[in-house]
Structures are given as C-alpha cells and as structure tokens.
1. Output the residues belonging to the range 63-87 that are among the hydroxyl-bearing types (Ser, Thr, Tyr) and either within 10 Å of the chain's Cα centre (by Cα) or assigned to a helix (DSSP H, G or I) (or both).
2. Considering (1) over 18 Å from PHE99 (Cβ atoms); (2) within 12 Å of the chain's Cα centre (by Cα), say which one THR13 fails and leave the rest.
3. In the range 48-60, is there at least one residue being on the phi < 0 side of the Ramachandran plot, not polar (S, T, N, Q) and not in a helix (DSSP H, G or I)?
4. Report, ordered by the first and then the second residue, all pairs with beta carbons closer than 9 Å, sequence separation of six or more or different chains, a first member in the range 69-86 that is over 19 Å from ARG102 (Cβ atoms), and a second member that is surrounded by fewer than 15 Cβ atoms within 10 Å (Cβ to Cβ) and among the acidic types (Asp, Glu).
5. GLU105: farther than 16 Å from ALA12 by Cα and in contact with a helix residue (DSSP H, G or I) (Cβ under 8 Å, 6 or more places away or on another chain), yes or no?
6. Name every residue in the range 83-100 that is loosely packed, with under 13 Cβ neighbours inside 10 Å and not aliphatic (A, V, I, L, M), in order of residue number.
7. Return the residues of the range 81-114 that are among the hydroxyl-bearing types (Ser, Thr, Tyr) and at pLDDT 90 or above; say none if nothing qualifies.
8. Give all pairs with beta carbons closer than 9 Å in which a residue from the range 89-109 that is closer than 26 Å to MET62 by Cα and of a type in the set (Phe, Trp, Tyr) meets a residue that is assigned to a helix (DSSP H, G or I) and at pLDDT 90 or above; count only pairs at least 6 apart in sequence or on separate chains.
Amino acid sequence: LRDLGETDGVDATLDLFSRWLEQRELLVARLELTMAATRDPGLAHVLAHHRARLLEIVEAIMTATGKEHGAARAETLVASYDGILLSALLRPDPERRDFLARSLELLGAGLAGPSGT
C-alpha cells in the first residue's frame, strides 16, 4: 500500500463504499450471503477466506496510516463497515454519501485508535 494519510484512507473507503452502494443488488446479495452463511457451514467457510483477506487489508491500511492496530480492531472495523453499509442502503440516495463520510470519520476517530507514532 502506498503511504496513506488518515484523510486519504477515509476518502478511499468512502469512494469504495459509494461504488458498492451504486451496485445495490450486488451489495444486497453479499449481505444476504453473509446471513445465509450463519446456517450453512460450507458457505461460511468460503466467506471466511474472503473475510480474512479483507482483515489483512484493513490491518495494512491501519499500519500505513500510523493507527494502532491488531486483529481485534480490524475485525471490529470490518463488522462496523457491514453495519454502515446496511444502514446506508436504507437511506435516500441523496443522503448516502454524507452519511458514509460522517460514519467513517467517526469510526476512524473512535475505533481505529490514535496514531501509533
């Protein structure tokens, strides 16, 4: 990963989530598969592999931005991202980007922890 500043990390995540919300059907399908995995061990195994990769990426971003990091923080951030995306799906289109920006800034400031340096 390139040398990310905190603002760059929030902006990159905001852009990514905005693109996901523009592809509403795909995002809903991903969330539905996540729910189905609670009842299907085979599906849970497949999704666990992808989630592990996402956790690695989140930890790398936290390292690049100088934030305190670790497996527990990364797992909680990823779970929080799911909740933010789900909540954004329920908002009117014009409100989504502002909601995402506000939520990601709050999450980054509170949960991601202070700079490790």
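1. Of all residues in the range 63-87, those among the hydroxyl-bearing types (Ser, Thr, Tyr) come to 63, 65, 76, 80-81, 87.
Once the filter is applied, which keeps residues that are among the hydroxyl-bearing types (Ser, Thr, Tyr) and either within 10 Å of the chain's Cα centre (by Cα) or assigned to a helix (DSSP H, G or I) (or both), the range 63-87 yields THR63, THR76, SER80, TYR81, SER87.
2. For THR13, the exception is condition (1).
3. Pass one, the range 48-60, residues on the phi < 0 side of the Ramachandran plot: 48-60.
Within this subset, residues satisfying the condition of being not polar (S, T, N, Q) are 48-60.
Then keep just the ones that are not in a helix (DSSP H, G or I); that gives none.
No: the range 48-60 contains no residue that is on the phi < 0 side of the Ramachandran plot, not polar (S, T, N, Q) and not in a helix (DSSP H, G or I).
4. ALA74/GLU56
5. On the way: farther than 16 Å from ALA12 by Cα: no; in contact with a helix residue (DSSP H, G or I) (Cβ under 8 Å, 6 or more places away or on another chain): yes.
Judged against the criteria, GLU105 is not a match.
6. Once the filter is applied, which keeps residues that are loosely packed, with under 13 Cβ neighbours inside 10 Å and not aliphatic (A, V, I, L, M), the range 83-100 yields GLY83, PRO92, ASP93, PRO94, GLU95, ASP98.
7. Within the range 81-114, the subset among the hydroxyl-bearing types (Ser, Thr, Tyr) is 81, 87, 103.
Selection gives SER87, SER103.
8. Once the first residue is closer than 26 Å to MET62 by Cα and of a type in the set (Phe, Trp, Tyr) and sits in the range 89-109, its partners that are assigned to a helix (DSSP H, G or I) and at pLDDT 90 or above give PHE99/ILE84; PHE99/SER87; PHE99/ALA88.
The values are calculated or read from the model by the stated rules, or taken from the named source; none is laboratory data. It should be emphasised that the depicted structure is a prediction, and the values quoted were computed from it without experimental measurement. Here Cβ is always computed from backbone atoms with ideal geometry, including for glycine, and neighbour counts include all displayed protein chains.
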